[in-house]
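Let me begin by presenting the structure, written as structure tokens, before commenting on it.
The values are calculated or read from the model by the stated rules, or taken from the named source; none is laboratory data. Everything quoted here is computed from the prediction, not taken from an experiment. A quick note on method: Cβ atoms are made from the backbone with ideal geometry, for glycine too, and the neighbour counts reach across all protein chains shown. Quick note on the areas: whole protein, heavy atoms, side chains included, nothing else; ligands and nucleic acids left out. Shrake-Rupley method; radii C 1.70, N 1.55, O 1.52, S 1.80 Å.
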Amino acid sequence: MLGVILAGGLARRMGGGDKPLRVLGGRPMLAHVIERLGPQVGRMVINANGDGGRFAAFGLEVVGDDVPGHPGPLAGILAGLAWAGREGFAGVVTVPGDSPFLPLDLVGRLVVAGQLACARSGGFAHPPVGVWPVALEGDLRAAVLAGERKIDRWTARHGVVEVEWDVAGGDPFFNANTPEELAEAESLLLRRPGTIISP
């Protein structure tokens, strides 16, 4: 399974720039994501556009969107599927680069659930957190080129399975989209050890 970290967003609510490079607990958020996803996959890449050199410190290949116009996370998923297919992977797991508390059983539970599955917690689905078979690359490419931008609308056509995670110790899919949410993430890092969001 190839891990694809989606880091290609424009971060408008964060004031621009690369959200995954914002500091959380003394380290970039991306470092937290890599640390939690890495042991669960065979290999990881970062999906981002522009100069990939800004991610050089993480030692991962940067894969850009191969469709124009920044069409959103579906384009990042598509880029990951295309790269995975060329490298011989049967599927990918995608996660946002601004979700530093990912569960350590993420990939195992999604893979068991189905070929196409996404995470769910607290009554909400998280479409960018999912597993995707490489076999769907052609269909997804056609959808993106036709103007599709909503992940859940596309996955619904293919029978996506949603897998629920408990939020009793905090939502493991919390993501920091604003400066206020980044400050909240800092406070979450201070929670007692043993919660599902402990570092």
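Some notes on this structure:
- Taking a ≥ b ≥ c as the square roots of the eigenvalues of the alpha carbon gyration tensor, region 1-91 is oblate, as a/c is not under 1.5 and a/b does not beat b/c.
- Segment Glu181-Glu35, extension gain: residue separation times 0.36 nm, minus the distance between their alpha carbons: 50.5 nm
- Entry note, the chain: relative contact order of 24 percent, from Cα contacts under 8 Å with a spacing of 6+ residues.
- Extension gain for Arg191-Ala146 works out to 11.7 nm (0.36 nm per residue, less the C-alpha to C-alpha distance).
- Counting only DSSP beta bridges with both residues in the chain, the antiparallel share comes to about 40 percent.
- Counting all C-alpha pairs of the chain, share separated by more than 31 Å (%): 12 percent
- Estimated 222 nm signal from helices in the chain, with DSSP H stretches of n ≥ 4 weighted -39500 (n - 2.57), rounded to 500: -8500 deg cm²/dmol
- Accessible area per residue, Å², region 27-123 with all protein chains present, probe 1.4 Å: 38 Å²
- Point-to-point label distance, Glu87-Val67, nm (Cα→Cβ direction, 7 Å offset): 2.1 nm
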